[in-house]
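Taken together, the values in this text are just the output of simple stated rules run on the coordinates, not laboratory data. As the structure is a prediction and not an experimental result, all values here were calculated from the model. Cβ placement follows ideal geometry from the backbone for every residue including glycine, while neighbour counts extend to all protein chains displayed.
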């Protein structure tokens, strides 16, 4: 059930990214330097449909995390890019070449092997506050460095950098979802009396905003691929580091599972490195967005 919920969430995340990109391309540009450009997105009906799909995806992801391990659920979200490729081709005229198709095939093979041989067990639903503080400081520092690097460059580079930062924040918010949902079982008042739910909201909103800037470049594949790569990496690391999730199968199973996950992530990286040549919808808008970002 947890895996099924994760895959449904991945599909809805792909739908959301495609529709949100379609809405962003109808504007002159989306940039952190121009907050009103983010506000104008609300006036795009297709963008609102995408946001609705995203919210439903978050609910399904929370249900998956409540039933499964972070180190299993987050890697399954890599399939978001597999779903996004045909949707982008159909809805926003994205180019899907042999590199993208090959990368999607590698992702599916890697995740299939990871699901068969990987079986993280043990773990807990929360961690001490000092461990949370260290993890958050490290991740925020990495995000700050990437944002400095992503201020200039080609639209593809901007999409990849902002997508990576969004992926880090989504991975953090996924980790924060586990204790938040666990506290919710005890009551809304109990949940609201703990800091995790507020940190979850902040990380989720910031990740959402940065993903809109990434999608606004018009480069769907690298935008979604970098989110899909970084998100599970952060999720697996946090699952092992602060939730004490461990692989319970024999050693050779663990080795195969890790290699399979790396292969799947490599497929997403292959897609993210695509230069996406050729015509794109409103390409000039994407370039303008990259310059603003």
| query | Is the shape of segment 169-250 rounded, prolate or oblate, going by the alpha carbon gyration tensor and its root eigenvalues a ≥ b ≥ c, with a/c under 1.5 for rounded and a/b larger than b/c for prolate? | reply | oblate
| remark: Rounded to one decimal in nm, the spacing of the 7 Å Cα→Cβ label points at residue 131 and residue 99 is 4.0
| Rounded, prolate or oblate: which one fits segment 105-198, using the alpha carbon gyration tensor with axes a ≥ b ≥ c (rounded when a/c is under 1.5, else prolate when a/b beats b/c, else oblate)? | oblate
| query | When you count, for each residue, the other Cβ atoms within 10 Å and take the mean per peptide, how do 206-219, 258-271 rank with the highest first? | reply | 206-219, 258-271
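At a 10 angstrom cut-off on C-beta neighbours, averaged per residue, how do the peptides 99-106, 81-88 rank from highest to lowest?
Highest mean packing first, the order is 81-88, 99-106.
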| remark: Sorted on mean Cβ neighbours within 10 Å (highest first), peptides 64-71, 9-16, 235-242, 161-168 come out as 161-168, 9-16, 64-71, 235-242
